[in-house]
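For reference, the structure discussed in these notes is given below.
FYI, it's all coordinate maths here, none of it is from the lab. Just so it is clear, the structure is predicted and the values come from calculations on it, not from any experiment. Here Cβ is always computed from backbone atoms with ideal geometry, including for glycine, and neighbour counts include all displayed protein chains.
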Amino acid sequence: MERVGSASNPKAPSRAAGCVFLPFFALGLFFAVAVVREAIASAATYTWESVPCQIVESEVRESSERSPWFAYLRYTWSTGESLRSSRLFGTYREAVLFTRRWPAGSRATCYLDPRDPAGALLERKGTGLVLLLFLPIPLLFVFIGAAGFYSVVFRVQPKPRVWRPANPIAGRRFAAALLIVVGSVLFIAFLLGPVRHAIAARSWRAQECKIIRSQVRVYATTKGSDAYSPEILYSYAVEDHEHRSDTYSFLEYSTSGRASQHVVNGYRRGSTVTCYVNPADPDDATLSRDPSAGWLIGLLPFALLAGGLAVWPR
């Protein structure tokens, strides 16, 4: 008597292997949807009604949130009052620059949210539209996940390819161009501003500043670990007006707790030290205008640029 066994599913292993690509698809889809939703929300603000409003309060306050400074703005218009343009900032100077755009007592244009009559913004949201520039990145993950899952599960056989000799010149040009582009983007995004600021600060005037606060700031990173940075707030007078700043160095970065404490120890609370003030902008000052160990990070973009120029075929 012949025994008939159960037929196995030949696609079961393929489906299991195809599941490896699902995280790529899910992660890419999640970020793609988030970017599109943010872009739609930003674009919607350009349809809101604009009305004249009056700035009632505009000041920098301390915050108990992760970002230590809060730019507090209160403004009114003919039918309501709002605080929706108030914002958290990581540095005191950023908060000051934000509130300076709308000083107390000034007039501005508000944009009314049709879904919330009590809400209004002082500026339309444009960050979501900028995020559309990065949409190809999550879409690439979606394509990799979908194409990988389909090809593995359904065992798509690639068409036989005609062998052609490789073109080493084209490959070297592509690699060199990629290094040059990445190095240039990193330099412009992270180093160009601090470098220009540091060069300009060589001509700033030196004057006495009083340390108001000096401590190590501890905050959680996206990976869940702790990061440290020196937080030094100081005051100085320009034409009999008090100004404040918390800029220690133009290139700020996270360090170890020991390194941050070493910086803080040099600026005791209540002590008088020398700072450098921008004569064109009295709110722009720094305690140090000399390069530090953090500037070594600038070697990375320059190394990529040098590598691209070296690899480029001649």
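Go through the cysteines of the chain and tell me which have no other cysteine Cβ under 4.7 Å away.
CYS19
Taking the Cβ of ALA43 as the center, what net charge do the other residues with Cβ under 12 Å away carry, scoring Lys and Arg +1 and Asp and Glu -1?
Taking every other residue near ALA43 into account, the sum is +2.
So between GLN54 and LEU83, what do we pick up on full extension, going 0.36 nm a residue minus the alpha carbon distance?
9.2 nm
Can you give the local net charge around VAL238? Use residues other than it whose beta-carbon is closer than 15 angstrom to its beta-carbon, Lys and Arg +1, Asp and Glu -1.
Working: positive: ARG93, ARG100, ARG205, LYS210, ARG244; negative: GLU208, GLU239, ASP240, GLU242, ASP281, ASP283, ASP284.
Result for the neighbourhood of VAL238: -2.
How far apart, in nanometres, would the label points at ILE199 and GLN261 be if each is projected 7 angstrom from Cα along the Cα-to-Cβ direction?
Going by the 7 Å Cα→Cβ label model, 3.9 nm.
Tell me, what is the FRET efficiency for ILE212 and SER67 to the nearest 0.05, using R0 = 25 angstrom and their Cβ-Cβ distance as r?
Details: r = 18 Å, r/R0 = 0.74.
E(calc), rounded to 0.05, equals 0.85.
What distance in nm separates the two pseudo spin-label positions at ARG101 and PHE174, each 7 Å out from Cα along the beta-carbon direction?
According to this spin-label approximation, the distance is 4.2 nm.
In nm, to one decimal, how far is the VAL273 label point from the TYR46 one, both placed 7 Å along Cα→Cβ?
4.5
If you take the charge dipole of the chain about its Cα centre, with +1 on Lys and Arg Cβ and -1 on Asp and Glu Cβ, which of ALA200, SER256, GLN215 is farthest toward its positive end?
SER256
Counting only helical runs of four or more DSSP H residues, what would the 222 nm mean residue ellipticity of the chain come to if each run contributes -39,500 (n - 2.57) and the total is spread over all its residues?
Estimated from H runs of four or more residues: -11500 deg cm²/dmol.
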